[in-house]
Amino acid sequence: MITNDNPPVTREALVRGLLEILPADRIITDQEELFVYESDGFTIAKARPAAVVFPVTTGEVVEVVKLLGKHGAQIVPRGSGTGLTGGCVAFDLGVLVSTVRMNAILKIDIENRVAHVEAGVRNVFLSDAVAAVPGGGAFHFSPDPSSQRASTLGGNASTNAGGIHVLKDFVTSNHVLGMEMVLADGSVVHVGAKNGAYESEFDLPGLICGHEGTFGIITSLWIRLAPKATSFRTIVGLFSSTADACNAVSEVIARGFLPAAMEMLDGRMVEVIEDAFHFGFPRETQALILTEIDGIEAILDEQQNELVEIFKKYNVTSITTSGDPAARAKLWKARKSAFGAIGRISPSYCTQDACVPRSMLAQVLAKLDEIGKEYGLQINNVFHAGDGNVHPIFLYDDRDEQQVRNVLLAAEKMLEYCIDIGGTLTGEHGVGVEKINLMPYLFDRPTMEQFFRIKHAFDPEERINAGKLIPSEKLRIDLLKPARQVPQ
Ligand SMILES: Cc1cc2nc3c(=O)[nH]c(=O)nc-3n(C[C@H](O)[C@H](O)[C@H](O)COP(=O)(O)OP(=O)(O)OC[C@H]3O[C@@H](n4cnc5c(N)ncnc54)[C@H](O)[C@@H]3O)c2cc1C
């Protein structure tokens, strides 16, 4: 259900205006085609946009934004739509402004380890392009969300995306040096440094990373290129109890190790991966920890042995170690395909995301079991254990309204629990519409007021993505009363 204070949008007039700015093949208004753009990866939040537009220059974005402002239509930035919180869903007949066709790599400067890219460049395409230039093989864009083949760099910056290797290399905001962004009034701002230089005043790129499309439309970014690891070891530990596995992770980090990645799969996810990839993991496995360490070759074996000793202390049932690039690639492919592989066992799934103190991981998994039983839901877990970033996956059938309701209630209970034990509302996926009601649960009133002031500094009239991330009087979405919005 939606409530709003916006003046009604006349769709025909809006589309006529858009056609004066963009060619017809870069505007979607056909109802059947718009169906595809009703949701992102969080398919519970659905609304059909009035139109989807595909500008290819910053100038076109400016013109579109000005026109939408004139018509009082909500402007909703969109990359590839792989988000998991409904952040790029256009409620209230908003217009999706997609940056996917702004996909040029404008400059790769290996000497200064920086790239300038348009916002629609897909994550992995940048690293592939960097590897193809002379001297580029040693560098990459480090944040590696599992969606990296599809998600855009503009979307990654807007959600402050993480990924498997952020335990050591950190999230997207640490890799974005500068940005060009179009604001709701059509002005174009340039923040941060370019060309690999650093800036020490207000960290505006840091502030914009994670804005979830609520400040403006990012049109290009200056990206830091990080060195790639050359030596590594992969360690796979199997456990007969999730608590043992969680406690092993906690001890590894507490002892001062900093693995490049430390991922965990519970027993149900091990089965899913096993059925898809046939590694030979025993069916009775209750938890798997996939750890990667990298650095100077001469010290890796010693470090690996120390980690093996910690795993043994927590009753590891089987442990394999390897420095073989092919084995490593297969394991990471399996891990990155884990969400997709869920499609083999359930019609729908909802991936949750919260961050908790690592020492509490075992309690969180126990609580999730309890919540699953209470709401009659199967919950699978595959997550960034080293970061304390849990990703319970709620399996359900979206044709059954009660199951949808149970997923939302169970997710809320889980998130409240994570906050109660000192955690956060999101580790990497963002807030979107999905978790917006819990923002005041996590943040006190003065902090929330400060968030509103920041939003209004960029977008005083709430023309861009109102009702996402920060609650808005202008647009409120109630997911417990889901209803698809179709333009009349
Ligand atoms: C299978 C799968 C695995 C995933 N794994 C991970 C993971 O490991 N780590 C992780 O962090 N996320 C993960 N995600 C979530 C998602 O891929 C990320 O949030 C990603 O950054 C979204 O990028 P996108 O281009 O698809 O953005 P969209 O989904 O299109 O948009 C996401 C948000 O960013 C805003 N936005 C997009 N582009 C712009 C722009 N140019 N300017 C301003 N605002 C913009 C939108 O308004 C929206 O609020 C996964 C998703 C899937 C489906």
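A few comments on the model shown:
- Test: residue in segment 93-106 that is open to solvent by 50 Å² or more (accessible area, probe 1.4 Å), more than 8 Å from the ligand (Cβ to nearest atom) and not in a loop (DSSP other than H, G, I, E, B): yes
- Cβ separations smaller than 8 Å between residues 6+ apart or across chains give the following pairs from segment 201-215 residues that are closer than 17 Å to Ala466 by Cα and not assigned by TED's automatic domain parsing to the domain that holds Ala466 to residues that are modelled with pLDDT of 95 or more and aromatic (Phe, Trp, Tyr): Ile208/Phe215; His211/Phe458; Thr214/Phe458; Phe215/Phe458.
- Any chance Thr291 is at pLDDT 95 or above and surrounded by 17 or more Cβ atoms within 10 Å (Cβ to Cβ): yes
- The listed residues are Leu238, Leu225, Leu258, Leu300, and the only one of them that is under 20 Å from Lys336 (Cα atoms) and more than 16 Å from the ligand (Cβ to nearest atom) turns out to be Leu238.
- Within the set Leu84, Leu14, Leu18, Leu67, the sole residue that is open to solvent by less than 10 Å² (accessible area, probe 1.4 Å) and modelled with pLDDT of 95 or more turns out to be Leu18.
- Count of residues meeting criterion [surrounded by 12 or more Cβ atoms within 10 Å (Cβ to Cβ) and among the small types (Gly, Ala, Ser)] in segment 312-333: 4
- Selection within segment 426-475: residues that are open to solvent by less than 30 Å² (accessible area, probe 1.4 Å), within 14 Å of the ligand (Cβ to nearest atom) and among the hydrophobic types (A, V, I, L, M, F, W, C). The member of this set that is farthest from Gly216 (Cα to Cα) is Ile436.
- Screening Val176, Val171, Val166, Val188 for residues that are at negative phi, surrounded by fewer than 19 Cβ atoms within 10 Å (Cβ to Cβ) and within 16 Å of the ligand (Cβ to nearest atom) leaves exactly one candidate, Val188.
- Being open to solvent by less than 50 Å² (accessible area, probe 1.4 Å), near the ligand (Cβ under 7 Å from one of its atoms) and in contact (Cβ under 8 Å) with a residue 24 or more places away in the chain is a property that does not hold for Gly196.
- Taking the conditions (1) touching a helix residue (DSSP H, G or I) at 6+ places or on another chain (Cβ under 6 Å); (2) within 16 Å of the ligand (Cβ to nearest atom); (3) open to solvent by less than 20 Å² (accessible area, probe 1.4 Å); (4) touching a residue at least 40 places away in the same chain (Cβ under 8 Å) in turn, Val356 satisfies each one other than (2).
- You will find that of Asp387, Asp400, the residue that is over 17 Å from the mean Cα position of the chain (by Cα) and either on the phi < 0 side of the Ramachandran plot or crowded, with 17+ Cβ neighbours inside 10 Å (or both) is Asp400 and no other.
- Subset of segment 40-58 (residues that are open to solvent by less than 10 Å² (accessible area, probe 1.4 Å) and outside any loop (DSSP other than H, G, I, E, B)): Ala51, Val52, Val53
- Evaluation of Ala119 against (1) modelled with pLDDT of 95 or more; (2) surrounded by fewer than 23 Cβ atoms within 10 Å (Cβ to Cβ) (one fails), failing number: (2)
The values are calculated or read from the model by the stated rules, or taken from the named source; none is laboratory data. Quantities reported herein were computed from a predicted structural model and do not represent experimental measurements. Don't worry about glycine lacking a Cβ; one is built from the backbone with ideal geometry, like all the others, and counts go over all protein chains shown. Just the protein is used for accessible areas: all its heavy atoms, side chains included, with ligands, DNA and RNA removed. Shrake-Rupley method; radii C 1.70, N 1.55, O 1.52, S 1.80 Å.
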